[in-house]
Amino acid sequence: MNENRTNINWYPGHMLKTKKQIIEDLKLIDVVVELLDARIPKSSRNPDIQKIVQNKKRIVLLNKSDLAEDKETKKWIEYYKNNNITAIACDANLGKGIKEILNQIEKSVEEEVNKAMQERKKYLDALSK
């Protein structure tokens, strides 16, 4: 029996192009914010993200937390904490968690900002000599 099979590539070209662009842009990024559905955090993740972001600082936003079970959301936040990832429950529609998200982003980049300011000061000091 001779079967003619056609392999179908289910991964659309625009997705591959976007993935390549994200990898390129990550060189300029200090913190990655990953948005997940609080009701289904594991299955709402893009399986490529872990590999793509590698050693970048990461904040996971568990959106739609108002629709998820509080007990389960707290378990997910603890899970991410145990894996050295900050997770924040939020509700984008109501703005719940936005201040916490912004504070956490600032906290995450504080060290890099201080280092850049020190480098700038050294540069300016060297110019003035």
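The values are calculated or read from the model by the stated rules, or taken from the named source; none is laboratory data. Source: prediction; values computed, not measured. Every residue, glycine as well, gets a Cβ built from its backbone with ideal geometry; the counts of neighbours run over all protein chains shown. The protein model used for the area step is the full one, side chains on, heavy atoms only, and it has no ligands, DNA or RNA in it. Shrake-Rupley method; radii C 1.70, N 1.55, O 1.52, S 1.80 Å.
When each of the peptides 48-57, 84-93 is scored by how many other beta carbons lie within 10 Å of its residues on average, the order from highest to lowest is 84-93, 48-57.
Averaged per residue, the chain has 82 square angstrom of accessible surface, using a 1.4 angstrom probe with ligands and nucleic acids left out. Carbon-plus-sulfur accessible fraction, the chain (probe radius 1.4 Å, protein heavy atoms only): 52%. The packing ranking of peptides 106-113, 23-30, highest mean first, is 106-113, 23-30, where packing means the average number of other beta carbon atoms within 10 angstrom of each residue. Considering all different alpha carbon pairs of the chain, the Kirkwood hydrodynamic radius works out to 17.7 Å. Note on residue 75: aspartates and glutamates with a C-alpha under 17 Å away, same-chain residues under 8 apart excluded, are 37, 66. Angle, helix 98-128 long axis vs. longest principal axis of the chain, Cα atoms, 0 to 90°, nearest 10? Rounded to the nearest ten degrees, it is 50.
Computed from Cα atoms, the angle from the helix 70-82 axis to the main principal axis of the chain rounds to 60 degrees.
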